[in-house]
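Undergrad: Would you mind keeping the following structure in view while I ask a few things?
The values are calculated or read from the model by the stated rules, or taken from the named source; none is laboratory data. Predicted model, so just to flag it, every value in this text is computed and none were measured. Quick reminder, even Gly has a Cβ in these numbers, built from the backbone with ideal geometry, and neighbours come from all protein chains shown.
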């Protein structure tokens, strides 16, 4: 079971789209970054604590090309 806790995106589409997801799993926390929309590439980071996962979420948000990520 995976619960989506947070989803941030940069309000762009196709190749310029960037999404960041924070998930709660049975065994911990997961941060998923995706570039290029649904068919783009993605990377997944697994964490044991919410604090560590949120640290990565913040780093990924700060590294967005224009620095603007919205959503919940």
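Undergrad: Taking the stretch 1-19 as the region of interest, how many residues are assigned to a loop (DSSP other than H, G, I, E, B) and surrounded by 16 or more Cβ atoms within 10 Å (Cβ to Cβ)?
TA: Pass one, the stretch 1-19, residues assigned to a loop (DSSP other than H, G, I, E, B): 1, 10-13, 17.
After this cut, where a residue has to be surrounded by 16 or more Cβ atoms within 10 Å (Cβ to Cβ) as well, the list is 10, 17.
The total comes to 2.
Undergrad: With the checklist (1) out of contact with any strand residue (DSSP E or B) (no Cβ under 6 Å at 6 or more places or on another chain); (2) without any contact (Cβ under 8 Å) to a residue 24 or more places away in the chain; (3) within 17 Å of residue 8 (Cβ to Cβ) in hand, flag the one item residue 54 doesn't pass.
TA: Looking at each condition in turn, residue 54 falls short on (2).
Undergrad: Testing residue 47 on (1) under 11 Å from the mean Cα position of the chain (by Cα); (2) surrounded by 18 or more Cβ atoms within 10 Å (Cβ to Cβ), one condition comes back false. Which one is that?
TA: Condition not satisfied by residue 47: (1).
For every residue, the table says whether it meets (1) more than 12 Å from the chain's Cα centre (by Cα); (2) modelled with pLDDT under 90.
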{"position": "5", "(1), (2)": "no, no"}
{"position": "12", "(1), (2)": "yes, yes"}
{"position": "26", "(1), (2)": "yes, no"}
{"position": "37", "(1), (2)": "yes, yes"}
{"position": "43", "(1), (2)": "no, no"}
{"position": "63", "(1), (2)": "no, yes"}
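Undergrad: Ok, one more. Going by the structure shown, is residue 22 surrounded by 13 or more Cβ atoms within 10 Å (Cβ to Cβ), in contact with a strand residue (DSSP E or B) (Cβ under 6 Å, 6 or more places away or on another chain) and either assigned to a helix (DSSP H, G or I) or at pLDDT below 90 (or both)? Outline the logic, then answer.
TA: On the way: surrounded by 13 or more Cβ atoms within 10 Å (Cβ to Cβ): yes; in contact with a strand residue (DSSP E or B) (Cβ under 6 Å, 6 or more places away or on another chain): yes; either assigned to a helix (DSSP H, G or I) or at pLDDT below 90 (or both): no.
The answer is no for residue 22.
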